[in-house]
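A short worksheet on the structure shown next.
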Amino acid sequence: MTDSFAFPHDFLWGVATAAHQVEGNNVNSDCWFLERLPGTIFAEPSGDAVDHYHRYREDIALIASLGFTSYRFSLEWARIEPEEGYFSVAELDHYRRVLETCHEHGLTPVVTFHHFTSPRWLLAAGGWEDPQTPERFARYCDRAMRHLGDLIGVACTLNEPNLPWLLKELGLGGEAPERRAEVPLWAAAADRLGIDASRVAPFQFTVSEAGFDIKLAAHQQGRAAIKAIRPELPVGWTLANTDIQAAEGGQDRADRIRREVNERFLVASRDDDDFVGIQTYGRTVFGPDGVMPAPEGAPTNQMGEEIYPEALEATIREAAAIAGIPVIVTENGLSTDDDAQRLAYLRTAVAGVESCLADGIDVRGYIAWTAFDNFEWIFGYGPKFGLIAVDRTTQERTPKESAKFLGSLAGRRVAESV
């Protein structure tokens, strides 16, 4: 990264959160339900999380004080529509206050309408394999936009719809419908919901062609609902695109997985989306028998994965070449207790963004994952991705040096012409 490089004046420098990971007490969501079942794959329940639901004003003020120009967060469908067809005005008003607070502090709100969690009633209705899910999602997008749309800066429909296909390759989820009864968690969920286990289809863990079709239709119908309220609002979805590489003998496997996980979703973005969000943390190397471990002696993150910040530049270039539309880095970060290690990672990752911009690739922003040390899904509170530390006993926030560094980059922009 060169100190003389000036990013575009409207380049978004931000941090991201997801509602379930930070708000706390998301009691009507499918994830809250799954965290507490027998045989759960979640290390611990989310509980109070970091209480962002009540602390959003000071949290947003802190993000802005660090120099950031945008804040990506998600609306929680399970709060807004806790029962099918019932929309909570009180919860919509809450998110309106969150948006207003962003504007008060000069932050562009990048709003995700669905970040992994769905209402529990949707899971009971067949989740992300049910043919009615796209229509239900579009109805929710319409209602949210009518209440909030005038304050949204950038809209993301679905977060990482492609992730389950990658997780399956890593040995997590992806069971065919007829095999789900053999998985303790899905069997327990089916029993509690009163449905057949073959119909348990949560967003994060379901791999099927029906699931692909339902997610794509939900994205398209959700985008149409958002555009119907504000045609000029930039709308896209965000993708979990790892840098897929091949070791000796693994080329065919890597090519197949690249097509399934990265390329077909980028092709789907090509014609009608205003941008594609790219979310990259590292590379995944495939040998003839599957995923290769981190190279011997390579530094690793808290989940044992190789630290490889160069991956971001590769996935931006891939997205630009295939989708042919603007790119926003909507997540990128490192799970580590060593903030000096995180700082080095961020420097290399941002240098990759700089290289893409210098080559004329239309990159509109860099939004780091994540604002706060938070609830990292099945891993619980162990992994530390946050640029801001949180003492969960006192809920005290402490910015790390990596937050100050990244926030300072917002000042390196071309002055806006008058």
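Check V276, V267 and return the single one that is hydrophobic (A, V, I, L, M, F, W, C), open to solvent by 60 Å² or more (accessible area, probe 1.4 Å) and under 30 Å from K227 (Cα atoms). Before the answer, list the steps.
Values: V276 fails: open to solvent by 60 Å² or more (accessible area, probe 1.4 Å).
Going through V276, V267 in turn, the sole match is V267.
Scoring E23 on the criteria (1) open to solvent by less than 20 Å² (accessible area, probe 1.4 Å); (2) of a type in the set (D, E, K, R); (3) without any contact (Cβ under 8 Å) to a residue 40 or more places away in the chain leaves a single failure, condition (3).
Annotation: of all residues in region 13-55 being assigned to a helix (DSSP H, G or I) and aliphatic (A, V, I, L, M), the one that is nearest to L172 (Cα to Cα) is L34. All of (1) open to solvent by less than 40 Å² (accessible area, probe 1.4 Å); (2) farther than 22 Å from W77 by Cα; (3) more than 22 Å from the chain's Cα centre (by Cα) hold for R253 with one exception: (1). Taken across region 47-54, residues that are under 19 Å from R97 (Cα atoms) and either touching a Ser or Thr at 6+ places or on another chain (Cβ under 9 Å) or buried (at least 24 other Cβ atoms within 10 Å of the Cβ) (or both) do occur, with at least one present. The set of residues from region 131-154 being surrounded by fewer than 18 Cβ atoms within 10 Å (Cβ to Cβ), touching a residue at least 40 places away in the same chain (Cβ under 8 Å) and farther than 12 Å from I80 by Cβ comprises P131, E135, D150, L151.
Selection of first residues in region 275-293 that are charged (D, E, K, R) and of second residues that are open to solvent by less than 20 Å² (accessible area, probe 1.4 Å), restricted to Cβ pairs under 7 Å at least 6 apart or on distinct chains, gives the following pairs, ordered by first then second residue: R283/T242; R283/A311.
Suppose we keep only residues that are over 17 Å from the mean Cα position of the chain (by Cα), among the aliphatic types (A, V, I, L, M) and in a helix (DSSP H, G or I) within region 359-418. Which one would you say is nearest to D51 (Cα to Cα)? Looking at residues that are over 17 Å from the mean Cα position of the chain (by Cα), among the aliphatic types (A, V, I, L, M) and in a helix (DSSP H, G or I), I get A403.
Taken over region 69-98, residues that are in a loop (DSSP other than H, G, I, E, B), open to solvent by 10 Å² or more (accessible area, probe 1.4 Å) and either touching a residue at least 12 places away in the same chain (Cβ under 8 Å) or β-branched (V, I, T) (or both) amount to 4.
Does T101 meet the test of being crowded, with 18+ Cβ neighbours inside 10 Å and more than 19 Å from G24 (Cβ to Cβ)? For T101, the condition - crowded, with 18+ Cβ neighbours inside 10 Å and more than 19 Å from G24 (Cβ to Cβ) - is not met.
The values are calculated or read from the model by the stated rules, or taken from the named source; none is laboratory data. Only a predicted model underlies this, so the values are computations on that prediction, with no experimental measurement involved. Note: ideal-geometry Cβ built from the backbone for every residue, glycine included; neighbour counts use all protein chains shown. We work out accessible area using only protein heavy atoms, side chains counted, and drop any ligands, DNA or RNA first. Shrake-Rupley method; radii C 1.70, N 1.55, O 1.52, S 1.80 Å.
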